1. Could you tally the net charge around Thr319, taking each other residue with its Cβ under 15 Å from the Cβ of Thr319, Lys/Arg +1 and Asp/Glu -1?
2. At q = 0.14, 0.21 Å⁻¹, what is the log10 ratio I(q)/I(0) for region 63-188, with the Debye formula run over Cα points and no solvent?
3. Which residues' amide hydrogens lie under 5 Å from the amide hydrogen of Ala170, considering only partners 5 or more residues apart or on another chain, with H built in the peptide plane?
4. To the nearest 10 square angstrom, how much accessible area does Ser23 have with a 1.4 angstrom probe?
5. What list of ³J(HN,Hα) couplings, whole Hz, do you get for region 15-29 from phi and the Karplus terms 6.51, -1.76, 1.60, once you set θ to phi - 60° and write x for glycine and proline?
6. May I ask what percent, to the nearest 5, of DSSP beta bridges between residues of region 146-248 are antiparallel?
7. Count the net charge of all other residues whose Cβ sits under 12 Å from the Cβ of Ile40, scoring Lys and Arg as +1 and Asp and Glu as -1.
8. What accessible area per residue comes out for region 220-337, rounded to a whole number of Å², with a 1.4 Å probe?
Amino acid sequence: MGGINLGQGICDQPAPEEIKTASIAAIRADRSTYSKFEGIDELRARIAEKMAAYNGISCDPATQVIVTVGSTGGFAIACLALVDEGDEAVLFSPFYSYHVNILKLCGARMRFVTMRPPDWQYDPAELEAAFGPRTRIVVVNTPSNPSGKVYTREELEGVARLCQKWGAVAITDEIYEYILYDGHRHVSLGSLPGMEDRTVTLSGFSKTYSMTGWRLGYAVASPELSARLGVLNDLLYICAPTPLQHGVAAAFGLPPAYYEDLKRSYASKLDLITSACASAGLETIRPQGSYYLLADISRLGLESDKKASAYLLERAGVTSVPGSSFHADPADGRRQVRFCFAKKDEDLAEACRRIRALA
Ligand code: PLP
């Protein structure tokens, strides 16, 4: 039996033809030299238009947009530019492990705020207590991996108020901004009043256009913050891959129907895997966005999430990620595994058939 990987967040779907065609043309035309460290002008102009139209953030493409090596490259340069050894970083748990690990590399001291299912709301008092005079940054990920939480405007206002009170900068990872369910709407923290000069907004092409291996993302921030990020982008990468920058500019010509189809397609994949889990007696927590599903493994009768992941692999040939790896207190995730359902329909259908067969 061949294994099916529902573990890693790779997005196993075809990328849009328009982007492939434009990239191939750029390669054939030998648009192969380094670009400016902040990226090609045409792409930054398109990103700025999109930020105004979709995120409610108006920015100057000349001084406020940096094309990065994936949003991960954007997160790394933001942390390196802003965080010194011993500075405190506020993060919400469950978290995306790259955020925590990159911050560890920078020597940050982590202050976690626990989000609790099913809505994953934070406790305002706990958030307030996590901030203090040493707080340098807060990390927000909306829609979130692994919980699928989509932050409401009110929740973001709470974060914004504390950033302003303590002089902290928000780094907000919005890579799943178009993958939303049940009428949830994406709100960008950087669009809130008073956050213009203290937010680094990160997004990219990996998830929206199914091209995780192309390594293209972007960071949007005030001119002052962007200048600091730009130095790091130059130092670490020189620039993002130039011919592919020309290619992904075509993404911004895709019609609104593309984004509606994306949502619809993920919603139907979500329904498929939710019902497979239910048939196997695994209760799930419905995500509000992103393409992950957390499933409660209690019914398998195994003592831990790691044993459950091993069991799913051995019995069903399906990879999952043990829930404890996402939590500040591993005990919070010990009854969960995470499935990624960004798979081709036929592979997801087979994985679901195998999960059902566990019953
Ligand atoms: N941010 C989050 C929350 C993710 O889940 C992932 C991938 O799984 C990434 C960033 C990676 O994005 P990129 O490919 O743009 O580096």
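The values are calculated or read from the model by the stated rules, or taken from the named source; none is laboratory data. Just so it is clear, the structure is predicted and the values come from calculations on it, not from any experiment. Note that each Cβ is placed from the backbone with ideal geometry, even for glycine, and that neighbours are counted across all protein chains shown. To get the accessible areas, we keep the full protein, side chains included, count just its heavy atoms, and leave off ligands, DNA and RNA. Shrake-Rupley method; radii C 1.70, N 1.55, O 1.52, S 1.80 Å.
1. Local net charge: +1.
2. Evaluating at q = 0.14, 0.21 Å⁻¹ gives log10 I(q)/I(0) of -0.58, -1.35.
3. Here the answer is Val138, Thr199, Val200, since their amide H atoms fall under 5 Å of that of Ala170.
4. 0 Å²
5. Values per residue, Gly and Pro as x: 7, x, 4, 4, 6, 4, 4, 5, 5, 4, 4, 5, 5, 4, 7 Hz.
6. 50 percent
7. +1
8. 42 Å²
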